[in-house]
Amino acid sequence: MRNRPDAILSLIAVNAIFYVITYLVPGMEEKMVNLFALYFPGNDKFAWWQLVTNMFMHGGFTHILFNMYALWAFGSPLEIMWGKGRFLLFYFLSGIGAGVIYTLVNYYQFHNLYNEVIAMGVSAADIDKFLELANLNSSVVPEPFKTNLLHLYWIPAVGASGAIYGVLVAFGMLFPNAKLALIFLPVPIAAKYFIPVLIALDLFSGITGFSIFGGGIAHFAHIGGAIIGFLLMWYWRKIVPARRPI
């Protein structure tokens, strides 16, 4: 069937398989997270393939539900317009780019904190040992550096949100006047207004640390996906005529 978003259906199926194995197969959660979630590059658990596989891992049922709904709702028109190959290329480039940008921001933040602690007189060897043991009761590193360093070093990123933010940007550029009716808003809002505001809120949360939508969100992964999505759309608009005006 020509107008069926086969690539999106396949992505949803793979995400569902990862979710079932991670949370419903006994003893698999830790193994799946250690292998496929995106860890800090200084951590022994980091592997290059995690820049791809983290897109198929999720932090719970609500997380995967909202991400897959957004992929279906905003990605289907793009795949129908572009075709399977171009959509998959866009999706994975946005997701990988989101992971790279998120990792670079984390690396910058981590080393700023690391150097601040060294400036306080704590040796690099003591900091490294503290990170390896992940001992919150340790007095070697003072708060709030202790919690922040451990969070950056040990908490992996999971989810398709970075790739989906790229999809959101593409949707907004191709269908700027599409009205989005959302549960928490009383009236429909045009995509050209809603999507930039959503990205701006993520940027605000990422910079200030004040998360409007709750904790545990990789805001710079969202922003990274949006940036890559915009750059791809800008580049493709110049080299590949779109079937609809962008």
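All of the numbers you see were taken from the coordinates with simple rules; none came from a lab. Note that the structure is predicted; figures quoted are calculated from it, not measured. We place every Cβ from the backbone using ideal geometry, glycine too, and count neighbours over all the protein chains shown.
Listed values, structure above:
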quantity: Estimated D of region 42-162 in µm² per second, where Rh is the Kirkwood radius over Cα pairs and Stokes-Einstein applies at 37 °C, 0.692 mPa s; calculated: 197 µm²/s
quantity: Coil-residue chymotrypsin sites (Phe, Trp or Tyr not before Pro) of region 44-93, DSSP, other Cβ within 10 Å capped at 16; calculated: Phe46, Trp48, Trp49
quantity: For region 50-120, diffusion coefficient by Stokes-Einstein and Kirkwood Rh (Cα), 37 °C, 0.692 mPa s, µm²/s; calculated: 225 µm²/s
quantity: Along the chain, longest interval not containing exposed trypsin sites (Lys or Arg not before Pro), exposed being DSSP loop plus at most 16 other Cβ atoms within 10 Å; calculated: 46-242
quantity: For Ala190, residues with placed amide H under 5 Å, excluding near neighbours; calculated: Leu180
quantity: Stokes-Einstein D for region 86-130, Kirkwood Rh over Cα pairs, 25 °C, 0.890 mPa s (µm²/s); calculated: 194 µm²/s
quantity: Percentage, to the nearest whole number, of Cα pairs in the chain over 26 Å apart; calculated: 44 percent
quantity: Sequence-distant aspartates and glutamates (8 or more away, or on other chains) whose Cα lies within less than 14 Å of Lys45; calculated: Glu30, Glu132
quantity: Max mean-square fluctuation residue, GNM over the chain, Cα-Cα springs under 10 Å, options Ile80, Ile228, Ile96; calculated: Ile80
quantity: Exposure proxy order (Cβ contacts within 10 Å, fewest to most) of Thr103, Thr147; calculated: Thr147, Thr103
quantity: Asp202, Asp6 arranged by Cβ crowding within 10 Å, fewest neighbours leading; calculated: Asp6, Asp202
